[in-house]
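Have a look at the structure below, then the notes.
Each reported figure results from applying straightforward, stated rules to the coordinates on display, with no laboratory input. Note that the coordinates shown come from a computational prediction; the quantities given were computed from them, not determined experimentally. Here the Cβ positions follow ideal geometry from the backbone for every residue, glycine too, while neighbour counts run over all protein chains shown.
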Amino acid sequence: FLGLKANSYASAGPLLEPLMHEETGVVAAQNGIPWWYFHGLEGPYTGRRIDTVDPDGAVSEVIPPRRAIGCVVYPGTELAGPGVVRHLEGTRFPIGEPDGSTSERCRQFSEAMVAGGLKCPVEAQIRDEMWVKLMGNAVFNPLSVLTGATLAAMCRHPRTRELAATMMAEALEIAHEAGAQPSVSIERRLAGAERVGEHKTSTLQDLEAGKPLELAAIIDAVVELADLTGIVAPAMRSVAAACALLAETREADKTQAGGGARPVPS
C-alpha cells in the first residue's frame, strides 16, 4: 500500500525495491491521474504514457504498470503536526485492476482492509471512481491554493461555486473522452464538498507548510488529457496556468531566500 504523494513516486525506487518480488502488486493510493491510467484500457490510447505524471517513463521504471492496483482515497484528513494525521471523515478506499478484471490480489487486499474497519469495494471500472474524486481534486485543490479558502468557503461563494461547476463540467467531458463514465452530477459533487466543511485541501496544507505542490497529477495531467482528446476546457486551463505560475514564483522565492539568483522571466 503506497501512500506517497504522486510527485514522490519516481524517487521511491530505493524504498520499494527491497519490498517487491516478481508478483508484488502496488496499491497506489493517490489523488489525480495515475501513471498507469492507459494501461489495460481498451481504445485508441491503450498503453499511452502521460508525460505530466510519468516523465520519460521514470515512474513506470520504478513501478511497472502491471504491478499497479488503482485506489481512490475518500477520507478527509489534515496534518496536525509532524507525523500526526488527524482523520476528519470517511473510511472508503475503492480499489480495482486497471484492466477491469477481478483478481485474487484485489480480493485479498479488500478483505484485509474490511477486517480493519474500512470500506474497500473492488470496482470493475476504477477509473470511473477516480474521476468522481478528481471532479473535486482537479477543481478545489488548485482553487484553494489560489484563494487560501476552505472547501465550504469555495462552495458558498457564488462566483467560485460557479467556476467550480464550470471546471467540473469540463472534467466530465474530458473523462468521457478518456474512457471513463463517472456517475455523479455536478450539484451532488458540489454539495458533497460543501458538507466536508471548513477543511483545507491537502494541496493548500502543502502550500502553507512550504512543501512541493502536487499539481501535476491533479490538474496538469487533466489538461494533458484535454490536449490528447481535443477538449477545449478553458476554465481548467486558466486555473492550471495560474497555479503553474504560483508554483514557479514560490520556488524562485525559495531560491532567492537561500542565496541563489532569481531567474529573469523570458
message: Taking θ = phi - 60°, what integer Hz values does the Karplus form 6.51 cos²θ - 1.76 cosθ + 1.60 yield along the range 104-113, in sequence order, with x for Gly and Pro?
response: 5, 5, 5, 4, 5, 5, 4, 4, 5, 5
message: Give me, ordered by chain and number, the residues 5 or more places off Thr77 or on other chains with an amide H under 5 Å from its own placed amide H.
response: Leu88
- prompt: Amide H to amide H under 5 Å from Val27: which residues, 5+ apart in sequence or cross-chain, H placed 1.01 Å off N in plane?
  reply: Leu2, Ile69
- prompt: Under a straight-distance cross-link criterion of Cα-Cα below 12 Å, which aspartates and glutamates are reachable from Lys119, leaving out those fewer than 8 residues away in the same chain?
  reply: Glu111
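Can you give the calculated 222 nm mean residue ellipticity of the chain, where each DSSP H run of n ≥ 4 adds -39,500 (n - 2.57) and the sum is split over every residue, rounded to the nearest 500 deg cm²/dmol?
Details: 10 runs with 120 residues, N = 266.
Taken over the chain, the calculation gives -14000 deg cm²/dmol.
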- prompt: From the phi of every residue in the range 128-140, what ³J(HN,Hα) in whole Hz does the Karplus formula 6.51 cos²θ - 1.76 cosθ + 1.60 yield, where θ is phi - 60° and glycine or proline is x?
  reply: 4, 5, 4, 6, 4, 5, 5, 4, x, 4, 5, 9, 7
- prompt: Say the dipole of the chain comes from +1 at the beta carbon of Lys and Arg and -1 at that of Asp and Glu; which of Val53, Gly76, Val184 then lies farthest toward its positive end?
  reply: Gly76
query: Using +1 on the beta carbon of Lys and Arg, -1 on that of Asp and Glu, and nothing else charged, what's the dipole of the range 6-256 about the Cα centre, debye to 20?
result: 740
field: Entries of Lys5/Lys200; Lys133/Lys211; Lys133/Lys200; Lys211/Lys254 with Cα pairs more than 21 Å apart
entry: Lys133/Lys211
- line: Expected vector for the range 188-195, Karplus 3J(HN,Hα) from phi with 6.51, -1.76, 1.60 and θ = phi - 60°, integer Hz, x for Gly and Pro, equals 5, 5, 5, 5, x, 5, 5, 5
